[in-house]
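Following: one structure in structure tokens, then a few remarks.
The values are calculated or read from the model by the stated rules, or taken from the named source; none is laboratory data. Since the model is a prediction, treat every value here as computed from it, not as a measurement. A quick note on method: Cβ atoms are made from the backbone with ideal geometry, for glycine too, and the neighbour counts reach across all protein chains shown. All accessible areas refer to the heavy atoms of the entire protein, side chains included, with ligands and DNA or RNA removed. Shrake-Rupley method; radii C 1.70, N 1.55, O 1.52, S 1.80 Å.
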Amino acid sequence: MKQSLLEEINNFSLYGEHTDYFDYLASGKDGDVYSRNQYVIKVFKADGKSRDDGIKLHLLEKSIYYPKVHAFTNDYMVSDRVIGETLYDLVGHDKTIQKQFEKEINQAVIDAQKVGLYAFDLHNHNLMLTNNGEIRIVDVGRFSFEIDTHQLGFFRSLFGSSSNRRHRKHKKRHHHSSSKDFYKHSSSSRRYHRRHSHSSSNSSYSS
């Protein structure tokens, strides 16, 4: 990401400058989401409960099921834009569609556990089907660094008792919040084979 673009995003997020360059996408419990070119910017709300999306996505950088994060501060986060539709856009609140992608969602949960995160608040709004037919989790704000008994019950009902065994393998981890200095991160791009057919051209991101 170019430094000039990062400065633009910083000034937009903190001071409301360059508003004509950014498109509004959605609002959630913890922030408002905008797009600029191939990037998504989540501006955290002052009264939001979570501001650590960036560090969580940084920890998840090796998993193909989460967008890549490029920069994050205590006020906003910049990540790759995922092109496709949320499961909510496709079927509303009907969770049976998640069964079609059980393997992928389960692996995304396992990938999170490997870095000390426990997937919480997974629903059709933040599960996305890309135009290549791949599942992505586009909001990790409510992912927890601590295990929760409610989560165990949720994943046991969705994936079976094996997820419970996986939970016990991982110990509690803590993290420090990021500073307001820019944190840039880059890694090699990956190519993935199309596994499902989907032709939508819509772009969406949940917060």
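Observations
- Qualifying residue in segment 12-29 (condition: buried (at least 19 other Cβ atoms within 10 Å of the Cβ), over 15 Å from the mean Cα position of the chain (by Cα) and among the polar types (S, T, N, Q)): yes
- Some residue of segment 67-85 being out of contact with any Phe, Trp or Tyr (no Cβ under 9 Å at 6 or more places or on another chain), within 29 Å of Glu146 (Cβ to Cβ) and open to solvent by less than 20 Å² (accessible area, probe 1.4 Å): no
- Matching residues in segment 52-89 - criterion: being farther than 24 Å from Asn131 by Cα, in a loop (DSSP other than H, G, I, E, B) and within 15 Å of the chain's Cα centre (by Cα): Asp52
- Unique match (being in a helix (DSSP H, G or I), under 23 Å from Ile135 (Cβ atoms) and in contact with a Ser or Thr (Cβ under 9 Å, 6 or more places away or on another chain)) among Asn106, Asn10: Asn106
- Some residue of segment 30-51 being buried (at least 19 other Cβ atoms within 10 Å of the Cβ), within 11 Å of the chain's Cα centre (by Cα) and in a loop (DSSP other than H, G, I, E, B): no
- Scanning segment 1-22 for residues that are in contact with a strand residue (DSSP E or B) (Cβ under 8 Å, 6 or more places away or on another chain) and β-branched (Val, Ile, Thr) yields one hit, Ile9.
- Filter result for the condition that a residue is open to solvent by 20 Å² or more (accessible area, probe 1.4 Å), modelled with pLDDT of 95 or more and among the basic types (Lys, Arg), over Lys171, Lys114: Lys114
- Lone qualifier among Lys42, Lys49 - being touching a strand residue (DSSP E or B) at 6+ places or on another chain (Cβ under 6 Å) and of a type in the set (Lys, Arg): Lys42
- Test result for Asp47, of a type in the set (Asp, Glu) and modelled with pLDDT of 95 or more: no
- Of all residues in segment 13-23, exactly one satisfies the criterion of being part of a loop (DSSP other than H, G, I, E, B) and either closer than 15 Å to Arg81 by Cβ or in contact (Cβ under 8 Å) with a residue 12 or more places away in the chain (or both), namely Phe22.
- All conditions but one from (1) farther than 12 Å from Tyr76 by Cα; (2) open to solvent by 20 Å² or more (accessible area, probe 1.4 Å) apply to Leu60; the one that does not is (2).
- Count of residues meeting criterion [among the charged types (D, E, K, R), touching a residue at least 24 places away in the same chain (Cβ under 8 Å) and assigned to a helix (DSSP H, G or I)] in segment 90-103: 1
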